[in-house]
Structures are given as C-alpha cells and as structure tokens.
Amino acid sequence: MSITVSNISKSYKSVKALENISFNVKEGELFGLIGPDGAGKTTLFRILTTLLIANEGSATVADFDVVIDYKKIRNNVGYMPGKFSLYQDLTIEENLNFFATIFGTTIEENYDLIKEIYVQIEPFKNRRAGKLSGGMKQKLALCCALIHKPKVLFLDEPTTGVDPVSRKEFWDMLKRLQQKGITILVSTPYMDEAALCDRIALIQDGKILQIDTPQAIVKHYPKPIFNVRANNTYQLINSLKAYEHNHSVYPFGEFVHYTDKRADFEREDLIQYLESENLSDIEIEKTLPTIEDTFMELAK
Amino acid sequence: MKRFIGFIKKEFFHIFRDRRSLFILFGMPIAQIMLFGFAITNEINNVDIAVLDHSKDATTKEIINKISASKYFSINQFIDRESDIEIIFKKGKVKAVLNFEEGFSKKLIKDNKATIQIITDATDPNTANTISNYVNAILQQYQKGLNEDITIAYQIVPQTRMVYNPELKSVYMFVPGVMTIILMLVSAMMTSISITREKELGTMEILLVSPIKPIQVIVGKVFPYIFLSIINAIVIVVLSIFIFKMPVQGNLFLLGFESVLFIITALALGILISTISATQQTAMMISLMGLMLPVILLSGFIFPISSMPIPLQVISNIIPAKWFIIIIKGIMLKGVGLQYLWKETLILVGMTIFFMGLSVKKYKIRLE
C-alpha cells in the first residue's frame, strides 16, 4: 500500500475538520478526493504530508508513519499545495533549480520525468513566476513537485482556477505520470475530473461518503434518472420541486436531472403536470447518472 | 551543503530583486548618520542673544565684545527697556538676554561686586543650560584677567578636563547609537520579515515538506543579512571617520569582531520574532515596537541610564544594544581592548546563545 489512512480525526478548536477517515491507496494508483470547499480535503493532505498531526488515528505514506518517520516522508513525496506556493520573484528556471537543489538533485537528472510538462513552459523560462498565467503556474508547480522523482505525489486542487483546456492537459499529464509508477493523490471540487481517477473518495463535512471506482459509484446509483427540459428552466425547477412525487431535482447543464419517488415512473403524468404549470416544449428522456448525481444523492 | 548554498543563492535573488528594500537597506544608514551628525546636535553655535545694557560703560562694552567674539554667540540686538525682554523672547528671535545692572563699572570697582543677569529661554532646557554655562565660562575668564595682579588668600581652582571627547562633539555620541540602531533594524527586522514572508506566501509549507533541515533554513535566511549588515557597519564607520572626524582609538579588528557579534545577536532576535509572528505585518510591528523603542530609549544612546528611575535601569540590562554601545564607545573613543570589555562581550554572547536556542526550540517543524 502506498498510502494507508485509518480512523483519522482532526478538529480545529470547535470545528471538526475530519471525522474517522479511513482508506487505502495502492501503489501506482491515481486516487481522487472529491468534495466541495470546506470538506476537509486540505486538512487530510496536510496530515499526510506531515504538516499537521491528527487528533486520532494513524496513517502511513510510502510505508512510513506520518508522525514518527516524518523526515523520511519529506524525502519521498512531492506536494503541491492548493495555493500557488512558489517564489514569485524567481523565474521559472530559478524556481525549478532551487527545488531541485534542496531535494539534492538536478534538473538534468530527472529531466525525462518533467520533460513533457516542462517543454510547454520552457519558452518562458526567464519569466518570473508571479507573471505567469494560472495554467502555467500550475504546470511549473507540478514540475517543482516532481523534480526529485517522488514515490507519492500529493496534489491539492491543482486545477482550481485553471481554464478548461489547461485542465484537460493537466489530467493527461497525471495519467502519464501514473504510468511511470508514481502514486498520485489528487483532490478536486470538479466532478467531471473524478471520472478520470482510478478510484475516488467522495468526501463532505469531514466524512467519507463512498469509496469506489467512478464506474462503480455511478452504477450503484439507486434510481433511474431523467433529463427534463422545457421552455423556462427556472420555472421548470420550481414546478418539479413542487411536484408531489419528486425525489430529487438538480439543474445539470441545459437540463434538469430529475428522479422520482415511485418505483415505476409515469412519464405522461409528469408531462400533464408540467403543462398544467404553463410550461411548453417539454422533453423527458432517461439518462445515465453521473458522479455529481451520486454525490448529491449521498450528501442529502 | 549544496542545499544550503542553493538556499542562500535564492535569498540573494530575493534581496536584490526587491529594489525598494535594497534602497532602504543601504540608503537608511547613510541618511541616518548624516541626520544625526549634522542636524541633531547638543552643541551650540552662533546662538542669537540680546543685550540690555543699563550702564553702557567701558567694562560692559569689553564683556559684550568678548561674548560676541566667541563662536558660540552672536549679538542679535540691543534693547533699552526691561519690558522689551519678554517681547523679544515671545518673538523667538533670541535664546538669551544679558542684563547688565546700572553703574556696572562703578560698582565693580567700589563694591568689588557687580551683577549681570542671564535670562535664557528654557523652552529648550538643554540649550538654555548650555548657554548659561558658556556665558558663565566667558565671564569667569574675564574676571580672572581682572584679578591677575592680586593674590587671593584662599583659592580653589577647578581644572576641568573632558577626556575622550575634549570638544564635547555630540556626533561622537550619536555614531555608536546610530550604528546600533541600524544594525539592529537591518538584522532583526529584515530577517524576521523574510522568514514570515515564506509563511505568508505558503512557500514555507513546501520547504517543510522537503528534506531541508530547519537549521539550514534559519542559517540560510540569516547569512545574507550578516553579510549586508557588515557592509552597513563598514559604511557607518567609514562615514564617521571621514566626514565627522570620529577617532577610532582602539583596534579596528576588535570593533569588527564586536560588530559581527552584535549583528548575530540581533539576527537571533529576528528569528525569534519570526517564530512567534504569522505575518510580515506582525513581524514588522514587533520589531519596531519591541526593538527600536528600547534601543533608542533604554540603551543609553540618548538618555543616560544612570539618571533613569531604578526599574528602568534594571530593564536596560536586558537590552543588547546597551552593552554594544558601551563596547563601541570603549573601542572608538577610549581605545580600550578586550581586557576591559570582556564582561560586555560575554553578556552579548550569552544573549545570542539564549535567543538562538529559544528560536530553534520554537521553530515549528509543522504548521501548528
């Protein structure tokens, strides 16, 4: 096991940030922590990177205990905090060189590991880090976290504030790093990124709701789910919420995701009801549940 | 070792890229020493005074000439009435008025006694005091000339000699003080700010999750500032020697050694401050309030420690600057060596070890 977490709890004064968290990450796995802001993701990262000590429970990273063997862990992991934490007044090259040096290595030594990412920012290598765009900053931060060839990589919300194209590129890179045998623990508030992980843990209010592969999580969604569309989405949501048989109603892109309380859903009945609410152009079709639907259902 | 050198290299990048701080770092000592050396002074030169001469005879004329011939006073105006004294003081044109009584010369010869009233504007008590002392000195000299042929039966002649600073130049007092302030400020404030900046920007988080040791971070942070502070100390000493003709009686190497010792004491304090403050703002406030004020007020730089209330005298002992000022005054003005300064030196060494130990103990290897 690359990461084991057992019964970890952590509180700040009166707030309980983590409550009895347990999970394992296998070697070479890309594991995602999916949850909204304030779910406790960052606290968990800090405990695993030896920056915080849990109130209860224990954890190991690369077979080292996070409290006792913290020095060994600090030699063997790469950590990219949620906030951009490189030296803004140093250039790309200087930042990378600095982190290579403090980890006792050089850029050349592990160049093959960062090459694919580094070539994208290399044209700007003399630009100061503070003057880079969001996507480039994240690429540089990833390079810095990788430069010493860590066994385990911790990425705390690496794509927050990054444009969709860069986000996609970033995940492609993670996939490639995984193939090189690096275990990756990544957190994200974006549900669409969850599908790209090997396994995910849905986390909310310091508790894990479910751990499984994205496919299994979706498969276990208990009810048939429907895309509903009408001429007025806002009114549609209100009407659906007022509908006596509704189980859940969430806006989802151009549709509204709807589930019904009854075992056998009657489409005609719903159409009639919506028409009586002065809605027109009504479309209802069955769709596949997504991780977001599962999360909403579990978080209820 | 490579790690450590890499870290120091990074620190120098930070320092040299922050132009404003660099300007303050090197501009401040020069500005301060010039300010204290030229503008702020206890000496009096060409003080404007007025004369109210009721007798206008040969003796008073002679005395007035003597006074106006000295470089300390220039006679601004003559007034005729007692009531004018208050008017000209209120106008603020003169700092003192000399009031000769009527029939000065006659009384002096007949009664062996005549009176001059020296009225000074004591809104500035130091200056008023100095003026009255200087006038008295001139009068005594004049009196001595009168009595040359006469032998007085019993006579006590005080012979005052001001040693180590015979001309009583105030710059001799300010240079050690300013040097102390600058070294304290640069060393303590700059390091505490530069360490807390890493905390504030989140880079400390990454440094913690890396193999670099806390001691390497601390020493790496401190090292560039030792270097810069030494340059500052040299600039101050050179300026004071060449511009203010300040003598360095003692050994320059000893002065250098003691300065480096004090710099390290101040740096240790800076590290200590950075371990207890979370933001650059707090670090700066603590450095300014907690270090600058005591250095200025309690170190004996401006106000003599012996005339402070006992509790403050006791407190002044824990201010490193007090001991450093004693040391540099000893070396620069008295020319004494380590055999006279070992006690103060040992106190500084002790303080440094204490602060270092405390900061290493307080340095957090985690975030909380």
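Worth pointing out:
- Hits in the stretch B:16-34 - residues which are surrounded by 15 or more Cβ atoms within 10 Å (Cβ to Cβ), under 18 Å from B:Met246 (Cβ atoms) and not β-branched (Val, Ile, Thr): B:Pro29, B:Gln32
- For B:Ile212: the one exception among (1) surrounded by fewer than 14 Cβ atoms within 10 Å (Cβ to Cβ); (2) outside any helix (DSSP H, G or I); (3) within 14 Å of another protein chain (Cβ to nearest Cβ): (1)
- Considering residues of the stretch B:329-368 that are hydrophobic (A, V, I, L, M, F, W, C) and within 30 Å of A:Arg46 (Cβ to Cβ) only, the residue nearest to the other protein chains (Cβ to nearest Cβ): B:Leu367
- Lone qualifier among B:Glu258, B:Glu167 - being charged (D, E, K, R), surrounded by 15 or more Cβ atoms within 10 Å (Cβ to Cβ) and away from every other protein chain (no Cβ under 14 Å): B:Glu258
- Residue match in the stretch A:61-82 (condition: in a loop (DSSP other than H, G, I, E, B) and aromatic (Phe, Trp, Tyr)): no
- B:Ile328 being in the same structural domain as B:Leu183 (by TED's automatic domain parsing), out of contact with any Gly (no Cβ under 7 Å at 6 or more places or on another chain) and part of a helix (DSSP H, G or I): yes
- No other residue among A:Thr259, A:Thr294 is modelled with pLDDT under 90, of a type outside the set (Phe, Trp, Tyr) and either within 26 Å of the chain's Cα centre (by Cα) or not in a loop (DSSP other than H, G, I, E, B) (or both) apart from A:Thr294.
- Taking the stretch A:165-254 as the region of interest, the helices (runs of 4 or more DSSP H) fully inside it that hold 1 or more residues being over 30 Å from A:Asp281 (Cα atoms) are A:191-194, A:214-219.
- Top-ranked residue in the stretch A:101-127 [being in contact (Cβ under 8 Å) with a residue 40 or more places away in the chain and either touching a Phe, Trp or Tyr at 6+ places or on another chain (Cβ under 6 Å) or at the interface with chain B (Cβ under 8 Å from one of its Cβ atoms) (or both); ranked as nearest to A:Thr160 (Cα to Cα)]: A:Phe103
- The stretch A:40-56, residues that are crowded, with 18+ Cβ neighbours inside 10 Å, out of contact with any Gly (no Cβ under 7 Å at 6 or more places or on another chain) and either aliphatic (A, V, I, L, M) or more than 13 Å from every other protein chain (Cβ to nearest Cβ) (or both): A:Leu44, A:Ile47, A:Leu48, A:Leu51, A:Leu52, A:Ala54
- Residues of the stretch B:269-307 satisfying the condition of being surrounded by 15 or more Cβ atoms within 10 Å (Cβ to Cβ), polar (S, T, N, Q) and not in a loop (DSSP other than H, G, I, E, B): B:Ser274, B:Thr275, B:Gln280, B:Thr282, B:Ser287
- Residue satisfying all of: in the stretch A:1-21; among the hydrophobic types (A, V, I, L, M, F, W, C) and part of a strand (DSSP E or B); farthest from A:Gly181 (Cα to Cα) among these: A:Val15
- Lone qualifier among A:Ile21, A:Ile8, A:Ile47 - being closer than 19 Å to A:Ala194 by Cβ, assigned by TED's automatic domain parsing to the domain that holds A:Ala194 and modelled with pLDDT of 90 or more: A:Ile21
- Meets criteria (buried (at least 19 other Cβ atoms within 10 Å of the Cβ) and either within 20 Å of B:Ala278 (Cα to Cα) or touching a helix residue (DSSP H, G or I) at 6+ places or on another chain (Cβ under 9 Å) (or both)) for B:Val217: yes
- Exactly one residue out of B:Ile67, B:Ile87 is surrounded by fewer than 12 Cβ atoms within 10 Å (Cβ to Cβ), over 30 Å from A:Arg127 (Cβ atoms) and more than 30 Å from the chain's Cα centre (by Cα), and it is B:Ile87.
- Residue within the stretch B:172-179 that is in a loop (DSSP other than H, G, I, E, B), more than 14 Å from chain A (Cβ to nearest Cβ), modelled with pLDDT under 80 and out of contact with any Gly (no Cβ under 6 Å at 6 or more places or on another chain) present: no
- Residues that are within 9 Å of another protein chain (Cβ to nearest Cβ) and hydroxyl-bearing (Ser, Thr, Tyr) within the stretch A:57-90 comprise A:Tyr70, A:Tyr79, A:Ser85, A:Tyr87, listed in sequence order.
- Checking each residue in the stretch A:128-149 for being within 17 Å of B:Leu201 (Cα to Cα) and either more than 12 Å from every other protein chain (Cβ to nearest Cβ) or aromatic (Phe, Trp, Tyr) (or both) picks out A:Lys131, A:Leu132, A:Gly134, A:Lys137, A:Gln138, A:Leu140.
- Failed criterion for B:Asn46 (all others in (1) more than 29 Å from B:Leu239 (Cα to Cα); (2) away from chain A (no Cβ under 14 Å); (3) in contact with a Ser or Thr (Cβ under 7 Å, 6 or more places away or on another chain); (4) touching a residue at least 12 places away in the same chain (Cβ under 8 Å) hold): (1)
The values are calculated or read from the model by the stated rules, or taken from the named source; none is laboratory data. Only a predicted model underlies this, so the values are computations on that prediction, with no experimental measurement involved. A quick note on method: Cβ atoms are made from the backbone with ideal geometry, for glycine too, and the neighbour counts reach across all protein chains shown.
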